[in-house]
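One structure is given below, encoded as structure tokens.
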Amino acid sequence: MITGIDKVVYGVEDLDKCVKFFDDWGLALVERDAAGARFETRDGAEVVLRPTNDPALPPAFEHGSTLRRVVWGVEDGRALDDVVGRLSENFKVAEGEDGPACSDIDGLSLSFRVSRRRAFDNGEPGMNMAGSVLRIDQRAPVYERANPLNIGHVVLFTPDVMAAVRFYQDSLGFVLSDYYPEAGFFLRCTADGGHHNLFLLQTPDRKRGLNHVAFTVRDVHEVFGGGMHVNRCGWKTQIGPGRHPVSSAYFWYVHNPAGGLAEYYADEDYCTAAWRAEAWERTPENFAEWAIVGGLDGTTRRQVSGPGD
């Protein structure tokens, strides 16, 4: 069984800039040299940066800095054999540096390995709600920056969303959580788990490439603290904070020099086999119940001023 995202590998045009971004983002820098850099989340999931011209990288599925490989973790050796056997029925699987590898139908390299992610202590008090008090004689935390727990999901543009969905469902066993008919499909890699580990999106121009990589944080307070910190560091917010009705998650999206966007998110729905996927109209209101364009200024703690303000 696939358990989640163990590692993502980017090919980047400006290595120094991307190293600074992920350091400001809150990941732990493990290795850094002229050939690249490796960061970790709190659970040990890896973010690897390499120059775009590194011959060891798989081919890019779009121009410029972008995602070059997603490494999916599995439970154990038996699960790894099952995944490889299932894939091998219809696709070429070869041994790669991160384990057995193939490409999805849009050319993104996928690898599979026994998961190296580790358990961690969240260590934070819960949120108090009417009728459910979890935090007693403790103040809620104020985060000066984020420290992401894991890599929660990736979002990919695909020119043929139905073909891409079939690949991930039929070959890898992904489960449908919700969808925009004929346009976007939220998939999770296990029956019991967070709302989605993968979102496949078809745009009118049928582009191919990366939309964003999302990092889970502890709670909505850390979404705010992390977003304001990266704004203080000079990185540009696309949109956020905000809240998705589809997954219930709070979000904050930032332009990522390594490719696409990076997202902080928290409090997504948890699904089981009893969850029933629903069709959602693809509207701005269904993307965001509410959201702030440009984010909050990290110094004033107020909305970033727009043009003409």
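Brief remarks follow.
- With respect to the conditions (1) out of contact with any Leu (no Cβ under 8 Å at 6 or more places or on another chain); (2) within 26 Å of Arg188 (Cβ to Cβ); (3) open to solvent by 10 Å² or more (accessible area, probe 1.4 Å), Phe61 falls short on a single one, namely (1).
- The set of residues in the stretch 192-223 that are in contact with a Pro (Cβ under 6 Å, 6 or more places away or on another chain) and either of a type in the set (Phe, Trp, Tyr) or farther than 23 Å from Asp43 by Cβ (or both) comprises Arg206, Arg208, Phe215.
- Close contacts from the stretch 200-213, counting a first residue that is within 15 Å of Leu187 (Cβ to Cβ) and open to solvent by 10 Å² or more (accessible area, probe 1.4 Å) and a second that is modelled with pLDDT under 95 and not hydroxyl-bearing (Ser, Thr, Tyr), with Cβ to Cβ under 8 Å and a gap of 6+ residues or different chains, come to Gln202/Glu182.
- Taking the stretch 74-166 and the strands (runs of 3 or more DSSP E) fully enclosed by it, the elements with 1 or more residues that are at positive phi and out of contact with any Pro (no Cβ under 9 Å at 6 or more places or on another chain) are at 99-103.
- If the condition is being more than 21 Å from the chain's Cα centre (by Cα), surrounded by 10 or more Cβ atoms within 10 Å (Cβ to Cβ) and not acidic (Asp, Glu), then the stretch 100-132 contributes Pro100, Pro125, Gly126, Met127, Asn128.
- In the stretch 168-195, the residue that is surrounded by the fewest Cβ atoms within 10 Å (Cβ to Cβ) out of those that are of a type in the set (A, V, I, L, M, F, W, C) and assigned to a strand (DSSP E or B) is Leu176.
- The condition of being at pLDDT 95 or above and crowded, with 22+ Cβ neighbours inside 10 Å holds for only one of Phe251, Phe287, that being Phe251.
- Some residue of the stretch 145-154 being farther than 25 Å from Arg276 by Cα, of a type outside the set (S, T, N, Q) and open to solvent by 40 Å² or more (accessible area, probe 1.4 Å): yes
- Qualifying residue in the stretch 77-97 (condition: β-branched (Val, Ile, Thr), closer than 17 Å to Arg166 by Cα and open to solvent by 40 Å² or more (accessible area, probe 1.4 Å)): no
The values are calculated or read from the model by the stated rules, or taken from the named source; none is laboratory data. The structure displayed is predicted, hence computed values, not measured ones. Glycine also receives a Cβ, built like all others from the backbone with ideal geometry; neighbour counts cover every protein chain displayed. Side chains are part of the model used for accessible areas, which takes the heavy atoms of the whole protein and leaves out ligands, DNA and RNA. Shrake-Rupley method; radii C 1.70, N 1.55, O 1.52, S 1.80 Å.
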